[in-house]
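**Student:** Here it is, the structure in full.
Read-outs: derived from the displayed coordinates by stated rules, not from any lab. It should be emphasised that the depicted structure is a prediction, and the values quoted were computed from it without experimental measurement. Counting neighbours? That spans all protein chains shown, and the Cβs are built from the backbone with ideal geometry, glycine included.
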Amino acid sequence: MVREAYIALGSNLGDRELNLLRAVAEIGRLPLSRVTALSPFYETSPVGNKNQEAFYNAVLRLSTFLDPRDLLTLLLNIETECFKRVRAEPWGPRRMDLDLLLYDSLTVAETDLVIPHPRLAERRFVLQPLCDIAPNLIHPLNGRSMAELLTALETDETVVKL
């Protein structure tokens with residue numbers, strides 16, 4: 001059965017826009033999957049480690065027959081194989097970060113797979129582009145729409161549409 005997954009993309013090293021475009025293309029090549037929506041790109045302030053360059057962020061919707069674990073594995077492969085990501089510093093600079101935000105209304109809480117993404121409702125750089133493509137999507141744990149979560153969010157993040 002086809003499922004809807006939402007994936008966040010972020011880059012703050014190299015040509016950030018080209019990195020996002022390349023990631024979208026790589027995700028579009030995943031087996032049994034099709035990109036069905038893409039948000040505008042945003043320039044955003046870093047969160048966590050603030051001593052780094054600004055990010056470019058976006059969110060895409062993927063229709064897929066892949067199960068969540070296989071999808072996550074393929075996303076991590078894109079990070080490491082296409083973008084040479086090395087996870088040396090939490091919230092550190094990176095050419096590409098791909099996060100599986102939501103997978104239908106599924107909830108998973110395992111060591112290496114958590115759906116919905118645990119910080120989804122706390123990040124303007126995720127909620128703003130997600131609202132561009134799915135404002136009425138309901139968070140499976142708190143029952144609030146993405147638009148409601150964005151409106152209620154109190155943060156000092158800077159998020160500017162490109």
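**Student:** So if I check each of L21, L13, L32, which one is closer than 30 Å to G143 by Cα, of a type outside the set (G, A, S) and either more than 16 Å from the chain's Cα centre (by Cα) or surrounded by 14 or more Cβ atoms within 10 Å (Cβ to Cβ) (or both)?
**Tutor:** It is L32.
**Student:** Next question. So, in region 125-138, of the ones that are over 18 Å from G10 (Cα atoms) and buried (at least 17 other Cβ atoms within 10 Å of the Cβ), which residue ends up farthest from the chain's Cα centre (by Cα)?
**Tutor:** Only one residue tops the list, namely L137.
**Student:** Quick one: which strands (runs of 3 or more DSSP E) lie wholly within region 1-54 and hold at least 2 residues that are closer than 22 Å to R87 by Cβ?
**Tutor:** Of the strands (runs of 3 or more DSSP E) lying wholly inside region 1-54, those with at least 2 residues that are closer than 22 Å to R87 by Cβ span 3-11.
**Student:** Of all residues in region 83-114, count the ones that are touching a residue at least 24 places away in the same chain (Cβ under 8 Å), within 22 Å of P46 (Cβ to Cβ) and not aliphatic (A, V, I, L, M).
**Tutor:** 10
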